[in-house]
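**Q** Okay, here's the structure, questions in a sec.
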Amino acid sequence: MNKTAAVILSLSMGALLAGCEGAQSEKDMIAEAQFCLDEATDGPTAKACVSKIAGLDTMQANTLRCAAGFIEAEVTSPRNLSNALNAISNGEGASSLLTSLSFPSVTLANETFVSCNKASTTGLKLIGAMAKSATLLAEAAKSFGLSSCSTITACSPADLENGLQQLADDIQSGNPSAQTEQTVLAVVASIQTVYTSTCTGSSTANGDICNQINNAISTSGKDITTTNEAELLAIGKELLLQWKNN
């Protein structure tokens, strides 16, 4: 995940261009967009930077779009990114990590997740999935009327823990609300999409995060590759409890 921070905060020419194939004009477009993002500090600027590669769908182009999404969400401020990447190792728990990764809108989180999943590193894929999950969970916590959740990004770790518990309780109730089911299924789907490439074998992107995901899958007794909604909800319940309790 430290490599992820390096990619997002200071994109390396060597890392992005070494594998760049095709016409020189495409390399120039990637280089121009990257130099632009190196200086970007806000959403409009980041959007303008990646507009230069609108026609490209390579790993390098999607790495830049992934980074642009985090810049637009202001996750790449030193405070926010430090909190996001160090929360677990500092003993602050998963709720602090998720709070730090909350985007201002589900739409932006989803767009960034798609780009990160097409990017060149497992770290970006995992952090993109966590950011989407965090935003979905913060949106749910906001809907519960919790104290600090006037906006998605305003939710405190305590409120997010409360929201995680409420969602888990609702899933276990035997008659969960449609909103709860929709939120939990969307969270599990984001993890499911990147799981094989980020949390299995030698491709493990982050031990702490992947251990929590693996523990949730193991406790549920279900297969993460399933398409059965009841089984996915069972995995989701355990994942919420893992994130709340760790």
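The values are calculated or read from the model by the stated rules, or taken from the named source; none is laboratory data. In this text the structure is predicted, and so the values were computed from the model without any measurement. Counting neighbours? That spans all protein chains shown, and the Cβs are built from the backbone with ideal geometry, glycine included. Areas reflect the complete protein model, heavy atoms only, side chains present, ligands, DNA and RNA absent. Shrake-Rupley method; radii C 1.70, N 1.55, O 1.52, S 1.80 Å.
**Q** Restricting to the range 188-246, name every residue that is open to solvent by 40 Å² or more (accessible area, probe 1.4 Å) and β-branched (Val, Ile, Thr).
**A** Within the range 188-246, THR193, THR196, THR200, THR204, THR219, THR225, THR227 meet the criteria.
**Q** Could you list all residues from the range 205-246 that are touching a residue at least 60 places away in the same chain (Cβ under 8 Å) and of a type outside the set (A, V, I, L, M)?
**A** Within the range 205-246, ASN206, ASP208, CYS210, GLN212, GLY236, LYS237, GLN242, TRP243, LYS244, ASN246 qualify.
**Q** If a residue has to be open to solvent by less than 20 Å² (accessible area, probe 1.4 Å), part of a loop (DSSP other than H, G, I, E, B) and closer than 19 Å to ALA131 by Cβ to count, how many in the range 20-42 make the cut?
**A** Residues in the range 20-42 being open to solvent by less than 20 Å² (accessible area, probe 1.4 Å), part of a loop (DSSP other than H, G, I, E, B) and closer than 19 Å to ALA131 by Cβ: 1 in total.
**Q** Starting from the range 183-203, keep only residues that are without any contact (Cβ under 8 Å) to a residue 40 or more places away in the chain and farther than 14 Å from GLY128 by Cβ, then list their pairs with residues that are surrounded by 17 or more Cβ atoms within 10 Å (Cβ to Cβ) and of a type in the set (A, V, I, L, M, F, W, C) whose Cβ atoms are within a distance under 9 Å, requiring at least 6 positions of separation or different chains.
**A** That search, which allows pairs on different chains as well, returns THR196/ILE224; THR200/CYS210.
**Q** Here is a list of conditions, (1) crowded, with 24+ Cβ neighbours inside 10 Å; (2) among the hydrophobic types (A, V, I, L, M, F, W, C); (3) not in a helix (DSSP H, G or I), and CYS149 meets all of them except one; can you say which number that is?
**A** Failed condition: (1).
**Q** Tell me yes or no: at least one residue of the range 153-161 is open to solvent by less than 70 Å² (accessible area, probe 1.4 Å) and outside any helix (DSSP H, G or I).
**A** Within the range 153-161, one or more residues are open to solvent by less than 70 Å² (accessible area, probe 1.4 Å) and outside any helix (DSSP H, G or I).
**Q** Answer yes or no: is there a residue in the range 233-240 that is of a type in the set (D, E, K, R), assigned to a helix (DSSP H, G or I) and modelled with pLDDT of 85 or more.
**A** Yes, the range 233-240 contains at least one residue that is of a type in the set (D, E, K, R), assigned to a helix (DSSP H, G or I) and modelled with pLDDT of 85 or more.
**Q** Residue by residue through the range 113-134, note down the ones that are over 8 Å from the mean Cα position of the chain (by Cα), open to solvent by less than 10 Å² (accessible area, probe 1.4 Å) and closer than 18 Å to ALA186 by Cβ.
**A** Across the range 113-134, the qualifying residue is only CYS116.
**Q** Right, next: Looking only at residues that are open to solvent by 30 Å² or more (accessible area, probe 1.4 Å) and part of a helix (DSSP H, G or I) in the range 172-185, which one is farthest from GLN212 (Cα to Cα)?
**A** Among those that are open to solvent by 30 Å² or more (accessible area, probe 1.4 Å) and part of a helix (DSSP H, G or I), it is ALA178.
**Q** Ok, one more. Which members of the range 43-68 meet the condition of being open to solvent by 60 Å² or more (accessible area, probe 1.4 Å) and not in a helix (DSSP H, G or I)?
**A** Selection gives ALA54, GLY55, ASP57.
**Q** Provide a single number: the residues in the range 96-125 that are part of a helix (DSSP H, G or I) and either at pLDDT 90 or above or charged (D, E, K, R) (or both).
**A** Total meeting the criteria: 13.
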